[in-house]
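The values are calculated or read from the model by the stated rules, or taken from the named source; none is laboratory data. What you see is a predicted model; the values in this text were computed from it and never measured. Don't worry about glycine lacking a Cβ; one is built from the backbone with ideal geometry, like all the others, and counts go over all protein chains shown. Heads up: the accessible areas ignore ligands, DNA and RNA and are worked out on the full protein's heavy atoms, side chains in. Shrake-Rupley method; radii C 1.70, N 1.55, O 1.52, S 1.80 Å.
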Amino acid sequence: MGRPTRIGLGLLGLLVVALAVGWFLHTHERVDESEDLPPRGEAAYNPLYALRESLTAAGLPAQSRQRLQLARVPLGPRDTLLLYSDPRALQPSEIEALLRWVDGGGHLLVRTPLPRRSAEAAPARDLLARLGVRTVEGPTRCEPLLVTGQEGHVEFCRGRRFLLVDAEPELSWGDGGEDGLVFARLGYGAGTVDVLADFDFMRNGDLREPPHALLTRQLLGPNWGEGTVHLVYAATVPPLWLQILTRGWMAWGPLLLALLAWLWMRTQRLGPMLPAPPVARRALLEHVTASGAHLVRYGRASLLYDAVRAAFVERLRRRDPLAAALEGESGIDAIARRTGVAPRDVRQALQAPAPDDAKAFRQRIARLIQMRKNL
């Protein structure tokens, strides 16, 4: 191949590559896509993680923890405490300490218990009962939330509403009749208590919506900027078996396949059922029967007849020597009288059958055996 030919082929190859690149750039477009990753670390189990970070970014001191721990983390006189968990889990000593703290100027936010626990009776010294709050039983109902410039929202769809007994709220939200309220702000001494049907709008994924952020800001208003915001949450860590099932499949999947392959190798193959192997036996009667069938099959039935006739004659000599010594018709008559068999049958039984007459052979053998038993 000459030099001009190689140069021409190289230029042709470059032209094909250029056309392919041009076609790809013309038919494809670069697109940027954003995909939300599942939360990791503390954000995976702390539903108030985004709220704490937002307050910290706004310049407010905020901290979150799973339990109240009043002895380890004392509350300041102008602090704000949000109890995300069920208030019925509080101990009587904790209830008394919280009410004293609120009376000194603190701001407490609590929620009503979940509807699925409505069958449990509230203790007489429950925090909500001390505040004059009585929960409403029955199906839940949403409450509309309208914010200027934003789309309409509905809140508290899964929360349990409540009524106030001997208490006058400073602010309230919801029907004050039998359906109950979803929010009430109560004055308690120098402090404030906010009771809500639910805190779902404060969770990590829901706080990014502007109506939820504005509602949260209004709820934290009484002591805003005057103290620390304490966020006490109930950890929602998924169970270990669910974590292994959803996130550990790359480990247990191959192990499961290996286990199934090993079981398949060790398991007996399916197929037709085989009869059980014969058990080794030494039965004399079966050997005698098999030997006789063998002689008959090969035309040696006369040997069987001679053996049976000899056994009859041998017993006849022991039991009746006189009948055995007689010959001819006198001997046949003597045998007939001794055995009770007709002389014609005795005469026929003592005559050897034809080699190919199987019926006569069976009849003579049966008659000789009967005569032998009658002796």
**Asked** Out of all the residues in region 297-315, is one or more in a helix (DSSP H, G or I), open to solvent by less than 60 Å² (accessible area, probe 1.4 Å) and among the polar types (S, T, N, Q)?
**Response** no
**Prompt:** Pairs under 7 Å by beta carbon, first residue among the hydroxyl-bearing types (Ser, Thr, Tyr) in region 323-345, partner part of a helix (DSSP H, G or I) and surrounded by 11 or more Cβ atoms within 10 Å (Cβ to Cβ), six or more apart or different chains?
**Reply:** Thr339/Met371; Thr339/Asn374
**Prompt:** Is it the case that some residue within region 118-129 is at pLDDT 90 or above, within 37 Å of the chain's Cα centre (by Cα) and assigned to a loop (DSSP other than H, G, I, E, B)?
**Reply:** no
**Request:** Return yes when Arg372 is in contact (Cβ under 8 Å) with a residue 60 or more places away in the chain, open to solvent by 70 Å² or more (accessible area, probe 1.4 Å) and in a helix (DSSP H, G or I) and no when it is not.
**Result:** yes
**Request:** Check region 260-268 and report whether any residue there is closer than 30 Å to Asn374 by Cβ and either part of a helix (DSSP H, G or I) or modelled with pLDDT under 80 (or both).
**Result:** no
**Message:** Can you find a residue that is open to solvent by 60 Å² or more (accessible area, probe 1.4 Å), at pLDDT 80 or above and not aliphatic (A, V, I, L, M) anywhere in region 229-243?
**Reply:** yes
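Sort through Leu163, Leu81, Leu128, Leu114 and tell me the only one that's touching a residue at least 40 places away in the same chain (Cβ under 8 Å) and either open to solvent by 70 Å² or more (accessible area, probe 1.4 Å) or in contact with a strand residue (DSSP E or B) (Cβ under 6 Å, 6 or more places away or on another chain) (or both).
Leu81
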**Request:** Quickly run through region 64-74 and pick out the residues that are touching a helix residue (DSSP H, G or I) at 6+ places or on another chain (Cβ under 7 Å) and open to solvent by 30 Å² or more (accessible area, probe 1.4 Å).
**Result:** Leu70
**Complete:** Log entry, pairs with first residue in region 204-232 being under 12 Å from Arg52 (Cβ atoms), second being of a type in the set (Lys, Arg), beta carbons closer than 7 Å, six or more apart or on different chains, reads Leu231/Arg52; Val232/Arg65; Val232/Arg67
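Filter region 208-219 down to the residues that are among the aliphatic types (A, V, I, L, M) and under 21 Å from Arg160 (Cα atoms) and list them by number.
Result: Leu215, Leu219.
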**Cross-chain or 6+ apart pairs with Cβ under 6 Å, region 304-318 first and farther than 15 Å from Arg367 by Cβ, then surrounded by 15 or more Cβ atoms within 10 Å (Cβ to Cβ) and small (Gly, Ala, Ser)** = Arg317/Ala324
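Residues checked against (1) of a type outside the set (Gly, Ala, Ser); (2) not in a helix (DSSP H, G or I):
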site: Thr192; (1), (2): yes, yes
site: Asn204; (1), (2): yes, yes
site: Arg208; (1), (2): yes, yes
site: Leu215; (1), (2): yes, no
site: Gly221; (1), (2): no, yes
site: Gly225; (1), (2): no, yes
site: Ala234; (1), (2): no, yes
site: Ile244; (1), (2): yes, no
**Prompt:** Just a yes or no: is a residue in region 343-355 buried (at least 18 other Cβ atoms within 10 Å of the Cβ) and assigned to a loop (DSSP other than H, G, I, E, B)?
**Reply:** yes
**Request:** Test each condition in (1) open to solvent by less than 50 Å² (accessible area, probe 1.4 Å); (2) part of a helix (DSSP H, G or I) for His294 and report the one that comes out false.
**Result:** (1)
**Asked** If we keep just the residues of region 1-52 that are under 30 Å from Val229 (Cα atoms) and open to solvent by 100 Å² or more (accessible area, probe 1.4 Å), which is farthest from the chain's Cα centre (by Cα)?
**Response** Asp36
**Request:** From the list Glu143, Glu170, Glu137, pick out the single residue that is out of contact with any helix residue (DSSP H, G or I) (no Cβ under 6 Å at 6 or more places or on another chain), closer than 26 Å to Pro210 by Cβ and open to solvent by 80 Å² or more (accessible area, probe 1.4 Å).
**Result:** Glu170
**Request:** For region 43-66, indicate whether the set of residues that are modelled with pLDDT under 85, assigned to a helix (DSSP H, G or I) and of a type in the set (Gly, Ala, Ser) is non-empty.
**Result:** yes
